[in-house]
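What follows is one structure encoded as structure tokens, with my remarks underneath.
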Amino acid sequence: MKNAIVWFKTDLRLHDNETLVKAIAQNDQIIPVYCFDDAHFEETSYGFKKTGNFRAQFILEAVADLDKNLRELGSGLIVLKGKPEVEIPKLVSLHKVNKVYAKREVAYEEKQTDAQLQAELFKVKCEFETFSTSTLYHAQDLPFSIKDIPDVFSNFRKKVEKDSSIRTVFDRPQSIKSPEIPAVVLPTLEELGLSFSKIDKRAAITFVGGETVAMQRMNHYFAETKAISKYKETRNGLIGADYSSKFSAWLSLGCLSPKEIYFELKKYELQFGANESTYWLVFELLWRDYFRFMMKKYSNKFFQQSGIQDKGITVNKHNIKQLEQWINGETGVDFVDANMIELKLTGFMSNRGRQNVASYLCNDLRLDWRYGAAYFEQQLIDYDVSSNWGNWAYLAGVGNDPRGNRYFNIDKQANDYDRDKSYRKLWLAE
Ligand SMILES: Cc1cc2nc3c(=O)[nH]c(=O)nc-3n(C[C@H](O)[C@H](O)[C@H](O)COP(=O)(O)OP(=O)(O)OC[C@H]3O[C@@H](n4cnc5c(N)ncnc54)[C@H](O)[C@@H]3O)c2cc1C
């Protein structure tokens with residue numbers, strides 16, 4: 001009897017999940033596992049939680065949904081809490097597991113955890129195999145080796161669009177054979193060192209974790225409302241659910257696969273027509289891919305002040321008061337403040353807002369950009385290690401921006417994107 005563990009991490013879905021499909025094909029029984037990793041709930045050296053209340057709630061919902069969907073196929077999810085490299089080997093011994101299947105990581109800490117787990121598994125003669133499941137283009141299909149990926153996005157994009165193609169999606173399994181898996185018991189927010197925060201009712205969208213709601217959202221944004229057909233014109237919006245796709249939170253936990261989005265979009269284009277907007281969503285998904293490949297290329301440089309350019313930058317002495325004013329939306333610059341309040345009270349901020357508040361921290365306050373990135377890491381529901389640190393490094397002038405020193409004139413931006421001040425009124429109202 002061949003038993004395998006499928007270790008779910010940020011791939012909390014049954015559709016287009018190569019890890020799961022391969023494990024089912026190669027084994028008699030599958031034991032799906034999720035581990036609430038203690039390291040993800042610690043405080044970072046910047047003084048913020050690695051995971052804040054909003055995202056933790058979203059993760060709990062996504063894990064519960066995965067368990068429900070697995071049970072419909074005859075399986076279920078074992079939920080652990082602790083260090084994966086300690087907890088997973090215990091399960092391996094208990095169930096006589098031959099192999100652990102998991103998603104491949106690119107970021108430094110995640111890779112360390114995998115390496116530690118692999119070393120522990122080796123001691124009990126258990127194999128460990130990982131699969132690249134989070135990008136639109138598979139790393140192996142890129143027209144360059146990772147080390148040769150251009151550091152300028154448009155050079156990367158043009159060559160990829162010309163010389164590479166997107167693999168088809170993996171079908172959702174029809175059934176899964178598993179040993180009996182007891183009813184799932186999720187940790188409480190308090191057990192994770194957090195507490196419940198009610199999301200402000202002005203939030204652009206209610207994010208509910210899990211593949212089920214992710215699919216509903218995709219259907220809403222595509223066929224139901226056809227909002228996708230206007231995406232290019234609306235994507236710089238600030239208010240409401242449909243100015244942009246809002247896929248980010250589900251993408252970050254892998255509740256939604258970018259390939260699934262792509263092929264759904266192709267179907268949509270056949271039925272309702274392709275235009276610049278439908279293309280632009282794929283363009284943005286390529287940015288997401290790019291930051292992930294860049295993380296693979298430059299690893300922990302993305303977490304250093306000098307970034308991938310090894311460039312010394314001048315920042316002011318750490319100023320906790322200014323940092324707190326930025327966090328709390330009390331800088332006195334109304335457009336920055338409105339955006340920071342939205343983030344604080346909802347766990348989300350538009351892309352336009354993110355660019356402005358990041359530029360303000362880097363260029364106007366001239367603080368160490370990593371404090372901003374670390375606060376976003378705590379606060380964002382859609383936090384994704386590569387997209388977050390990659391975008392921050394970009395705006396700090398130490399990442400993939402060929403122009404360097406990208407400065408946002410906040411007054412002009414506020415005037416261009418919030419001319420009638422409705423966004424600022426929404427968030428700055430008493
Ligand atoms: C300082 C800063 C920090 C950011 N941190 C994150 C983060 O932690 N997680 C995250 O998912 N995105 C991050 N972004 C990118 C972007 O702001 C969000 O992906 C987007 O606002 C999410 O809303 P949406 O899904 O409606 O996006 P849409 O406009 O609908 O875009 C569709 C998808 O394309 C991808 N995408 C779009 N823009 C970018 C981009 N600039 N970089 C990478 N991917 C992109 C996302 O997966 C997004 O869901 C950050 C941007 C900045 C400037």
* Tally the residues that are within 7 Å of the ligand (Cβ to nearest atom) and open to solvent by 10 Å² or more (accessible area, probe 1.4 Å), restricting the search to segment 389-412. => 2
* Search result, residues across segment 142-174 that are among the β-branched types (V, I, T), within 19 Å of I308 (Cβ to Cβ) and open to solvent by 30 Å² or more (accessible area, probe 1.4 Å) -> I146, V152
* Would you check which residues across segment 175-205 are charged (D, E, K, R) and open to solvent by less than 100 Å² (accessible area, probe 1.4 Å) and list them? => D200, R202
* To do: Go through the residues of segment 221-228 one by one and say whether even a single one is under 17 Å from E342 (Cα atoms) and either more than 9 Å from the ligand (Cβ to nearest atom) or touching a Pro at 6+ places or on another chain (Cβ under 9 Å) (or both).
  => no
* Breaking point among (1) without any contact (Cβ under 8 Å) to a residue 40 or more places away in the chain; (2) in contact with a helix residue (DSSP H, G or I) (Cβ under 6 Å, 6 or more places away or on another chain), for Y46 -> (1)
* Index of the failed condition, Y407 passing every other in (1) part of a loop (DSSP other than H, G, I, E, B); (2) modelled with pLDDT of 95 or more; (3) among the aromatic types (F, W, Y) -> (2)
* Asked: From the list K83, K123, which one is closer than 21 Å to V385 by Cβ and open to solvent by 80 Å² or more (accessible area, probe 1.4 Å)?
  -> K83
* Would you kindly identify the helices (runs of 4 or more DSSP H) lying entirely within segment 37-150 that contain at least 3 residues that are hydrophobic (A, V, I, L, M, F, W, C) and over 21 Å from the mean Cα position of the chain (by Cα)? => 84-95, 108-123
* Structure fact -> Going through segment 284-314 in order, the residues found to be loosely packed, with under 14 Cβ neighbours inside 10 Å, free of Cβ contacts under 8 Å to residues at least 24 places away in the same chain and of a type in the set (D, E, K, R) are D310
* Asked: Inside segment 232-245, can you point out the residues that are surrounded by 22 or more Cβ atoms within 10 Å (Cβ to Cβ) and of a type outside the set (A, V, I, L, M, F, W, C)?
  -> S244, S245
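Pull up segment 262-283, narrow it to residues that are open to solvent by less than 40 Å² (accessible area, probe 1.4 Å) and without any contact (Cβ under 8 Å) to a residue 60 or more places away in the chain, then point me to the one that is nearest to the ligand (Cβ to nearest atom). Give the steps one after another, and end with the answer.
Quick first cut of segment 262-283, residues open to solvent by less than 40 Å² (accessible area, probe 1.4 Å) only: 265, 268-269, 273, 277-278, 281-283.
Retained after the next criterion (residues that are without any contact (Cβ under 8 Å) to a residue 60 or more places away in the chain): 265, 268-269, 273, 277-278, 281.
Working: L265: 11, Y268: 15, E269: 16, G273: 19, S277: 11, T278: 12, L281: 6 Å.
Among them, the one singled out is L281.
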* Regarding R352, is this residue open to solvent by 10 Å² or more (accessible area, probe 1.4 Å), more than 10 Å from the ligand (Cβ to nearest atom) and part of a helix (DSSP H, G or I)? -> no
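Quick check on segment 306-326: of everything there that is out of contact with any helix residue (DSSP H, G or I) (no Cβ under 7 Å at 6 or more places or on another chain) and among the hydrophobic types (A, V, I, L, M, F, W, C), which residue is modelled with the lowest pLDDT?
At the first step, the residues of segment 306-326 found to be out of contact with any helix residue (DSSP H, G or I) (no Cβ under 7 Å at 6 or more places or on another chain) are 306, 309-322, 324-325.
Okay, now just the ones that are also among the hydrophobic types (A, V, I, L, M, F, W, C), so 313, 315, 320.
On the way: I313: 89, V315: 94, I320: 97.
That would be I313.
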* **segment 243-255 - residue that is in contact with a helix residue (DSSP H, G or I) (Cβ under 8 Å, 6 or more places away or on another chain) and more than 9 Å from the ligand (Cβ to nearest atom) and, of those, farthest from L380 (Cα to Cα)** => C255
* Scanning segment 379-388 for residues that are of a type in the set (A, V, I, L, M, F, W, C) and more than 6 Å from the ligand (Cβ to nearest atom), which turns out surrounded by the fewest Cβ atoms within 10 Å (Cβ to Cβ)? -> V385
* When the residues of segment 326-379 are filtered to those that are of a type in the set (D, E) and in contact (Cβ under 8 Å) with a residue 60 or more places away in the chain, which remaining residue is farthest from G237 (Cα to Cα)? -> D368
* **Any hit, segment 38-51, residues being within 22 Å of P179 (Cα to Cα), buried (at least 21 other Cβ atoms within 10 Å of the Cβ) and not charged (D, E, K, R)** => no
* To do: Confirm whether D418 is within 13 Å of the ligand (Cβ to nearest atom), open to solvent by less than 30 Å² (accessible area, probe 1.4 Å) and over 19 Å from S45 (Cβ atoms).
  => no
* To do: Give the residues of segment 1-36 that are free of Cβ contacts under 8 Å to residues at least 60 places away in the same chain and assigned to a strand (DSSP E or B), sorted by residue number.
  => V33, Y34, C35
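The values are calculated or read from the model by the stated rules, or taken from the named source; none is laboratory data. Here the structure is a predicted model, which is why all the values come from computation and not from measurement. Every residue, glycine among them, receives a Cβ derived from its backbone with ideal geometry; neighbour counts consider all protein chains shown. Heavy atoms of the whole protein, side chains included, go into the accessibility calculation; ligands, DNA and RNA do not. Shrake-Rupley method; radii C 1.70, N 1.55, O 1.52, S 1.80 Å.
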